[in-house]
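Below: one structure, written as structure tokens.
The values are calculated or read from the model by the stated rules, or taken from the named source; none is laboratory data. Worth saying up front: this structure is predicted, and the values here are computed from it rather than measured. Here Cβ is always computed from backbone atoms with ideal geometry, including for glycine, and neighbour counts include all displayed protein chains.
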Amino acid sequence: MTLVKASGKVYLVGAGPGDEGLITWRGIEILAQADIVLYDGLINPRILRHANPMATLLCVGKHGHGGMWSQKEIDDETVRYAWEGKRVVRLKGGDTTVFARTAEEIERLVAEGIPFEVVPGITAALAVSAYTGIPLTHRDWASSVALVTGQLQVVDGDVLPEDTPNWSSIASFPGTLVIYMGMTTASVWSQMLVQYGRPSSTPVALVRRVSWHDQQTVRCTLGTVAQTLSQLRGFRPPVIAIVGEVAGAPLNMDWFAQRPLSGKRFLIASSESTATKLESLIREEGGSAILEPAMKIASPETWTQIDEAIDKLHGFDWVVFASPQGVDRFLQRMWDRGLDARAFQSSRIASVGESTALSLKRWGLASDCTPPTAGIEPLLSLMLPECRGKRYLFVRTATGKQAGLEALVAADALVESVDAYIQQPVDRWPESRLEDLANGEYQGILVTSQNIAVQAVRLMGKAAARQSWYCLSESIAEALRGLGCTEVFVAADASLGSLVERIKERLSSDPGSHV
């Protein structure tokens with residue numbers, strides 16, 4: 001009897017050049033179903049958040065990711081997992097077929113009889129045009145484009161380079177040259193192009209980390225490429241070079257670098273749900289944000305109190321949610337008990353701010369009362385005039401403010417509260433993060449509550465006083481100032497959007513400001 005190996009399937013997926021939004025929808029679909037992901041070290045790690053939570057993620061190396069794997073090692077591992085019946089994703093930077101050795105991987109899969117699918121991605125040459133404003137083709141300067149590898153050294157232990165470029169033909173190509181992987185060989189290819197007839201005055205644009213928040217563009221001429229690179233500190237791969245008249249395009253076409261927060265880096269100390277929204281807003285304006293929570297969110301030790309409140313939910317006139325975390329924990333508990341929105345019956349729902357209202361919306365609930373300015377005080381100003389004899393349930397955390405509850409009780413309202421989650425201080429931050437803070441690597445620290453602000457200062461130590469802080473309310477700002485922080489800026493209306501606007505306003509008025 002012959003045993004037949006169970007075959008899975010291999011997906012060769014292009015992740016795009018950097019920005020997580022540039023992977024295709026098909027690529028995201030496949031990642032969500034993956035059992036194994038073998039990914040290049042240069043891809044944006046945020047893309048891996050689309051992967052199946054149960055998938056095994058293996059970095060195949062590059063630039064500090066545990067050593068680069070040889071092509072044979074990658075092929076062997078891909079085949080091994082496929083024969084185990086796994087759905088294997090080979091996730092590559094850029095496009096799957098442009099200088100990516102995909103043909104070799106496909107040859108191996110065909111030889112092994114393993115089914116596969118190829119999903120294209122955006123290659124760096126196309127992205128570099130969009131993200132720098134440098135057109136690869138132009139009716140006056142270039143009507144054609146050539147993609148050239150600058151990889152001249154041997155790889156995977158071979159004796160000779162994979163290919164020897166025909167520099168005479170490349171130099172005479174009547175259009176734009178886009179040179180991949182040419183950082184370490186720049187002195188060679190620039191010299192060869194000049195030697196075979198390209199004018200040394202030909203414009204060149206060297207673009208590092210295309211579409212990433214810290215993308216850099218350096219302009220020079222073909223004759224000064226090697227000299228220019230020798231004078232640049234930290235200008236390391238991935239770098240792509242554009243050679244041709246188009247590289248002299250005017251700077252005003254570069255929309256990416258002209259965004260308000262372009263190149264700026266921030267640290268968000270808030271919880272993940274809030275930080276994710278803030279991070280998205282900052283990315284839209286060209287900046288980048290690192291999430292480093294100062295407080296961690298945990299479920300209450302017992303659900304008894306919450307269960308009792310759920311059982312009599314219909315008896316409250318108002319159910320007030322004080323945070324997105326409270327919304328998620330409370331409603332998840334209802335769902336786990338087999339209940340849904342019908343349990344509210346005639347009870348009305350209030351949220352202390354826009355973020356909390358959005359969390360309710362994701363659960364299919366609309367807030368009946370959300371103040372234009374976030375916070376308990378603005379909400380109370382709307383509720384107090386008609387609160388006498390009304391029954392209120394506050395869904396909050398034990399460390400939240402008591403002032404709102406006390407004001408309603410004083411106005412003859414009937415008030416109950418439940419602690420839907422617990423905020424616990426983070427013990428410490430990674431040493432690398434603390435070193436970055438001490439070295440002034442961030443243009444601002446973002447905090448969204450007083451507890452988070454106080455804990456973040458404690459975690460930073462002496463470095464806290466040297467940071468620029470951005471917060472949602474004056475009460476948070478007062479707490480920071482009381483702890484020795486002098487650079488404190490407050491959002492106009494306590495919303496996350498307003499907080500980002502405050503950052504833009506601050507940096508535009510003082511472009512040289514730094515932590």
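Observations on the model:
- Listed by position, the strands (runs of 3 or more DSSP E) inside segment 274-389 whose residues that are loosely packed, with under 14 Cβ neighbours inside 10 Å number at least 1 are 295-298.
- Strands (runs of 3 or more DSSP E) fully within segment 161-252 counting 1 or more residues that are assigned by TED's automatic domain parsing to the domain that holds Ser280 and surrounded by fewer than 20 Cβ atoms within 10 Å (Cβ to Cβ): none
- Sole exception among (1) crowded, with 19+ Cβ neighbours inside 10 Å; (2) touching a Phe, Trp or Tyr at 6+ places or on another chain (Cβ under 7 Å); (3) at pLDDT below 90 for Ile30, by number: (3)
- Of everything in segment 475-493 that is touching a residue at least 12 places away in the same chain (Cβ under 8 Å) and in a helix (DSSP H, G or I), the residue that is nearest to Ser449 (Cα to Cα) is Ile476.
- Here is the figure for segment 108-136: residues that are in a loop (DSSP other than H, G, I, E, B), closer than 27 Å to Ile242 by Cβ and either touching a strand residue (DSSP E or B) at 6+ places or on another chain (Cβ under 6 Å) or free of Cβ contacts under 8 Å to residues at least 12 places away in the same chain (or both) total 6.
- Within segment 90-120, considering residues that are at positive phi and touching a helix residue (DSSP H, G or I) at 6+ places or on another chain (Cβ under 9 Å), the one modelled with the lowest pLDDT: Arg101
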